[in-house]
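Following: one structure in structure tokens, then a few remarks.
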Amino acid sequence: MPNAESLPISIQGITKTYGRVHALDNVDLEVKSGEFLTLLGPSGSGKTTLLMALAGFTRPDYGSVRFGDEEVILKPPHLRDVGMVFQNYALFPHMTVAANIAYPLKLRKVSKAEIETRVEQALETVQLGGYGARRITQLSGGQKQRVALARAIVFNPRIVLMDEPLSALDKKLRDHMQIELRQMHDQLGMTTIYVTHDQREALTMSDRIAVINNGKVRQLGTPREIYDTPANRFVADFIGESSFLELEEGESGLTCEGIEILARHTPEDNLPKSLVIRPERLFPVNGKRPADTNLFKGTIRQIVYQGDAAMVYIDQSTGAELVMRCGTDNETLQSLKRDSEITVGLHRDDTVIVSDDETKG
């Protein structure tokens, strides 16, 4: 299929309330032309409401949505010319695969000959060449997913919106389809907005991620920025696995149990602070303390083997828990025993401190 002419999207001040609940709370967001942007957040965070506002199925109370230079906030869904992939696929079971894919073209009064050509192109794009005559009921979950994608792209939309399209698939197929979807996006060049609650899926597929909670964008950035430098405790807790230690203000900086914490950056506000510890960043320390390293002591409560890695659960005397991930080929891991004392290190460059404000309501 030929590349579509992608469009940037500008979202300004979008607000949607249901009674006293702010599903969207004055959301501003700029999406680049041709970008793959993921809206990521827990159930009820507002991500699907925002996607439906872009599609035209939800009318915001106020705000602006622009596709390129065009204001579309009052435009009905069928005139916005966006491709849409729903969570349940929304395919017509009484139609063949080809008829399902052709449906958007028939609505646009495309000639029969052109429809046949473009349906075949779409089927080849989603690796379903030769499946046109099959019934939807004859397809697997992954094949239905591909048909839904083909229908969304067959008319060369400049914007594609996807609402958790992989959630019904098993893990192995979902992981495979994540890569396929990303490759298809790169091939076709359409501006894509993708909704998911799966943080690993978002990290795998996205150019940028908008983390949403309580109707607000909590952080916008690349997958690496979101993971390595979370803007607040909510983002740090939602993205990846983390342990948190509460920090206090000391004479020379932030401390944990009276010990000064070495960190690459400290938020400049008066809010409570927490230390974010990613399991893969901790390492066992035996003997001399490495330079620029924070040390934490505790007792090994449990060691859980996961094939290529093992999770070591460490209880501190304060009641806090740390989790360390080690490769199973790590020689030190072989010497670790349940109920034994351990000292673990966290290098200054891997030490992230966040404000706690976003954990509240």
Exercise. Say whether the condition of being of a type outside the set (Ser, Thr, Tyr), closer than 26 Å to MET205 by Cβ, in a strand (DSSP E or B) and at pLDDT below 95 is met by at least one residue in region 298-314.
Key: yes
Quiz prompt | Which numbered condition GLY253 fails, given (1) in contact with an Asp or Glu (Cβ under 6 Å, 6 or more places away or on another chain); (2) surrounded by 17 or more Cβ atoms within 10 Å (Cβ to Cβ); (3) over 30 Å from GLY41 (Cα atoms) | solution = (2)
Self-check item: Complete set of residues in region 191-233 that are touching a helix residue (DSSP H, G or I) at 6+ places or on another chain (Cβ under 6 Å) and over 17 Å from GLU164 (Cα atoms)
Solution: ARG218, GLN219, PRO223, PRO230, ASN232, ARG233
Quiz item: Of all residues in region 162-218, how many are surrounded by fewer than 16 Cβ atoms within 10 Å (Cβ to Cβ), among the charged types (D, E, K, R) and closer than 15 Å to SER6 by Cβ?
Solution: 1
Quiz item: Considering only residues of region 270-314 that are free of Cβ contacts under 8 Å to residues at least 60 places away in the same chain and small (Gly, Ala, Ser), which is farthest from ARG338 (Cα to Cα)?
Solution: ALA291
Practice problem: Determine which member of the set ASP329, ASP339 is without any contact (Cβ under 8 Å) to a residue 24 or more places away in the chain and part of a loop (DSSP other than H, G, I, E, B). | Solution: ASP329
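The values are calculated or read from the model by the stated rules, or taken from the named source; none is laboratory data. Since we're looking at a predicted model, the values are computed, not measured. Every residue, glycine among them, receives a Cβ derived from its backbone with ideal geometry; neighbour counts consider all protein chains shown.
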